[in-house]
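To start, the structure itself, in structure tokens.
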Amino acid sequence: MNLAMISVCRSLWQDRVAGLALLVALVAINPARADLPTLMVSYPGPRNISYLPIDLIPAIGADKAEGAQVKFLHAGGGGVALSNLMKRNADFAVAGLPAAMSMRANGGDVVCLAPVDDAPLFIFMVRSKLKGQVKRVADLRGRVVGVNTGSLASKTTSQQLAELVLRSDNVPLDKVHFVPAGQSWEAQSALIDSGMADAIMGDEPFASRLLAQGKVFFLTNLADPAAAKNIRGAGFLHAALVTRADLLQQEPKKAEQMVRILKRSLAWMASHSPEEIVAKLDIQDPEERAALVGSLKKYSRLYSRDGRFSSAQLKETETFFQQTSEGNPVAQGFVLESMIVDRWAGRVK
């Protein structure tokens, strides 16, 4: 080996040693995140307004602050998210509490750890081309109605609510054809654009965005107290954090961490403006950003501010579930308190 080659080899070795030293120093200053425990959460979305506190967790570092890293498994509806939980594809699910109750009543060992929302937000929207034909709920007889995607073991909250509204206007459920609508902009807008559904018991900000584009009109907005006044249990708890009973028993620290992470996200949202919240999500589409900001301003009381259960709201949720479970004696006798674990979330009257 000549001197030139020896010099090159020595230089490369010195660079390698220096690089390793630098890497060790950086790790000492900022330890690698790979050693943090991973919490897998399945929920509808992304960027469905009812589940926005979950979207925000990594954006604001709520998980790292509690010594964990949260990863997501998106689903087309709460029933699918709950199915992911039961199949052990996820440690936690965020879904409508009535959907979780449906799973529990069907033998699923699911427990509820904390509330996400403070008010349900559903809009019954209809394709604009049907404006002259569908003027009230009864006019949906014989039509195709989209609801959030469920599973055999769990009927989604969206479908439970759609059925309740239809029955309230004397529309037999066998006179309506239900199809899965998903819980994302892509899914719900595609269903309307294709004409595969005449109406959707839909979500925000997708409903308002479709309304602004002139593609739908609102048959009823159930976030409006006047529209919901005739529905018993209309103030039910919608999105909630749930897990399996076996995980709670075997890994309670995971459950405690996840509740603390959710509380951090809710507290952060309560102290920031809609514009600041949406900016954290790094949304590239200006129309989507504007729709989300507009919906956050319109529904200012949507989220729980502190992540504590409300006993009054739990009672309302039980009433809603019983209203939507006509003819099912198991569901009619279901006691919601049997699946509530409030040791970390806390509770108010």
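Structure summary
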{"item": "Under 19 Å from the S168 label point (7 Å along Cα→beta-carbon), backbone N, segment 183-217", "result": "199-204, 217"}
{"item": "Inter-label distance for E337 and S273, nm, one decimal - labels placed 7 Å from Cα along Cα-to-Cβ", "result": "4.5"}
{"item": "Spatially proximal aspartates and glutamates relative to K129 (Cα-Cα < 12 Å; intrachain offsets below 8 disregarded)", "result": "D193, D198"}
{"item": "Efficiency of FRET from Cβ geometry, L211 and V179, R₀ 25 Å, rounded to 0.05", "result": "0.75"}
{"item": "Ranked by how many other beta carbons lie within 10 Å on average, peptides 301-313, 106-118 from highest", "result": "106-118, 301-313"}
{"item": "Estimated FRET transfer efficiency when R0 is 35 angstrom, pair S194-K280 (beta carbons, to 0.05)", "result": "0.60"}
{"item": "Kyte-Doolittle mean at least -1.0, axial Cα span of 24 Å or more - DSSP H helices of the chain", "result": "3-29, 252-270"}
{"item": "Net length gained if the chain between A226 and Q249 were fully extended (0.36 nm per residue, minus Cα distance)", "result": "4.0 nm"}
{"item": "Residues of type lysines that K315 reaches as a straight line, Cα spacing below 21 Å, ignoring anything fewer than 8 places off in the same chain", "result": "K155, K229, K349"}
{"item": "Net lengthening on full extension, D35/N106 (0.36 nm per residue, minus Cα-Cα)", "result": "21.8 nm"}
{"item": "Entry for Rg/Rh (Cα atoms, Kirkwood Rh) (calculated from the structure that is shown) out of (i) 0.93; (ii) 0.96; (iii) 1.10", "result": "(iii)"}
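None of the figures in this text is laboratory data; all of them are computed from the coordinates on show. These numbers were taken from a predicted model, which means no experiment stands behind them. Backbone-built Cβ (ideal geometry, glycine too); neighbour counts: all protein chains shown.
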